[in-house]
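One structure is given here, and the rest of the page talks about it.
The values are calculated or read from the model by the stated rules, or taken from the named source; none is laboratory data. Everything numeric here is computed off the predicted structure, so don't read it as measured data. All Cβ positions, glycine included, derive from the backbone under ideal geometry; neighbour counts span all protein chains shown. Side chains included, ligands, DNA and RNA excluded: accessible areas come from the protein's heavy atoms. Shrake-Rupley method; radii C 1.70, N 1.55, O 1.52, S 1.80 Å.
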Amino acid sequence: IGPSGLALRPGVAVGAEELAAAYREQVEALLEGGVDLLIFETFTDVEELTLAVRAARRVCKLPVIAQMTFNEDLRTLDGQDIEAVVRALEALKVDAIGTNCTIGPQGVLDVVSRLGSLTDLPVSAMPNAGYPRQLEGRFFYLSTPQYCADYARQYLDLGVGIVGGCCGTTPEHIRAMREAMAA
């Protein structure tokens, strides 16, 4: 489950109850589909993530992984620091805290290193395959499967318990990451 995108649309006003209802509807649809776990990912604002997790908790008791996306300065796109994010997510009693997307494998390593020092909760890392490049109207991610695999191993060395991929990762990336972690 991802963010609404409303933070990126100035002038669009949606009330908290309307937004919570939209998150509940998504969770209910996922429950009908038989999911075992909820991952909230790519959130840029901890307040919206808090609203989304609370909405989910009203309709189910599934485990929740809550992931924010960060810039190189280790702040969310809305300017929140990692410490504030950890405090907010721990207060929600989520099952794991993590990061995904945006800054590629190296940047995610920096974030999860900091996350791991701030919480006893399991940490998740799901980087994109680097910064995308646009060529002839299409986006391409330049990080190779081996590059992502090298970082996956480093995540494990930091104690990260959940490793995956985001934008631009392919089955080959995930396979290489799994093999590196198994070794």
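In the range 13-35, the condition of being of a type in the set (Asp, Glu), touching a residue at least 12 places away in the same chain (Cβ under 8 Å) and open to solvent by 70 Å² or more (accessible area, probe 1.4 Å) is met by at least one residue.
In the range 92-107, the residue that is modelled with the highest pLDDT out of those that are surrounded by 17 or more Cβ atoms within 10 Å (Cβ to Cβ) and in a helix (DSSP H, G or I) is Pro105.
Condition check ((1) among the β-branched types (Val, Ile, Thr); (2) part of a loop (DSSP other than H, G, I, E, B); (3) at pLDDT 95 or above; (4) within 22 Å of Leu38 (Cα to Cα)) across all residues:
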position: Arg54; (1), (2), (3), (4): no, no, yes, yes
position: Arg58; (1), (2), (3), (4): no, no, yes, yes
position: Glu90; (1), (2), (3), (4): no, no, yes, yes
position: Leu109; (1), (2), (3), (4): no, no, yes, no
position: Asp120; (1), (2), (3), (4): no, yes, yes, yes
position: Ala125; (1), (2), (3), (4): no, no, yes, yes
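Filtered by the rule that a residue be of a type in the set (Ser, Thr, Tyr) and open to solvent by less than 40 Å² (accessible area, probe 1.4 Å), the range 139-183 gives Ser143, Tyr151, Tyr155, Thr169.
Just one of (1) of a type outside the set (Gly, Ala, Ser); (2) over 21 Å from Leu156 (Cβ atoms); (3) at pLDDT 95 or above; (4) part of a helix (DSSP H, G or I) fails for Glu47. It is (3).
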